[in-house]
Amino acid sequence: MLKNNLLKLLFTLTLLLGLSSCSSTTPNKAASSKNEVTLYGVSWCGHCQHARQYFKKNNIAYNDYDVEESEKYRKEFDKLGGTGYPLIFINGTRIEGFDEEAIKEALNKL
């Protein structure tokens, strides 16, 4: 439990630091949503594609971070202890892989 709380805190701090460096003219789609959804993945991952399709189909705004295309997001992924794709965070809940039921449950938590 302590490990989960530390990971949530680390993710929140990482997210806040990342948002503070964003240009004020660049809208953050997830910030306007009632849910904060972030996906760390890669372009060739089938489970990542399923997650992206699920979010699009259900009109869920999300941050899509390709860890092969961005050194910044690769470092975040590594700091978060990512070992497989996708690594999804919804309102602070960590989901490893594409798990539709876990995603639904996390989206309903507020």
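Mind listing whichever residues of region 54-110 are surrounded by fewer than 17 Cβ atoms within 10 Å (Cβ to Cβ), in contact with a strand residue (DSSP E or B) (Cβ under 7 Å, 6 or more places away or on another chain) and part of a helix (DSSP H, G or I)?
Within region 54-110, ALA102 is the sole residue that qualifies.
Here are some conditions: (1) out of contact with any Asp or Glu (no Cβ under 9 Å at 6 or more places or on another chain); (2) over 25 Å from ASN108 (Cβ atoms). TYR73 meets all but one. Which one does it not meet?
All conditions are met except number (1).
For ASN91, which of the numbered conditions (1) modelled with pLDDT of 95 or more; (2) under 11 Å from THR38 (Cα atoms) fails to hold?
(1)
Residue-wise test of (1) in contact (Cβ under 8 Å) with a residue 24 or more places away in the chain; (2) farther than 14 Å from ILE103 by Cα.
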{"position": "GLY46", "(1), (2)": "no, yes"}
{"position": "LYS57", "(1), (2)": "no, no"}
{"position": "ALA61", "(1), (2)": "yes, no"}
{"position": "LEU80", "(1), (2)": "yes, yes"}
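Limited to region 32-83, what total is found for residues that are at positive phi and in contact with a helix residue (DSSP H, G or I) (Cβ under 6 Å, 6 or more places away or on another chain)?
If we filter region 32-83 for residues that are at positive phi, which is where we start, we get 59, 81.
Checking the rest, the ones that are also in contact with a helix residue (DSSP H, G or I) (Cβ under 6 Å, 6 or more places away or on another chain) come to none.
Count: 0.
Out of all the residues in region 25-34, is one or more closer than 17 Å to LYS109 by Cβ and at pLDDT 50 or above? Reasoning before the result, please.
Of the residues in region 25-34, the ones closer than 17 Å to LYS109 by Cβ are 30, 33-34.
Checking which are at pLDDT 50 or above leaves us with 34.
Yes, that holds for at least one residue.
The values are calculated or read from the model by the stated rules, or taken from the named source; none is laboratory data. This one's a predicted model, so the numbers in the text were calculated from it and none came from an experiment. Neighbour counts run over all protein chains shown; Cβ positions are idealised from the backbone, glycine included.
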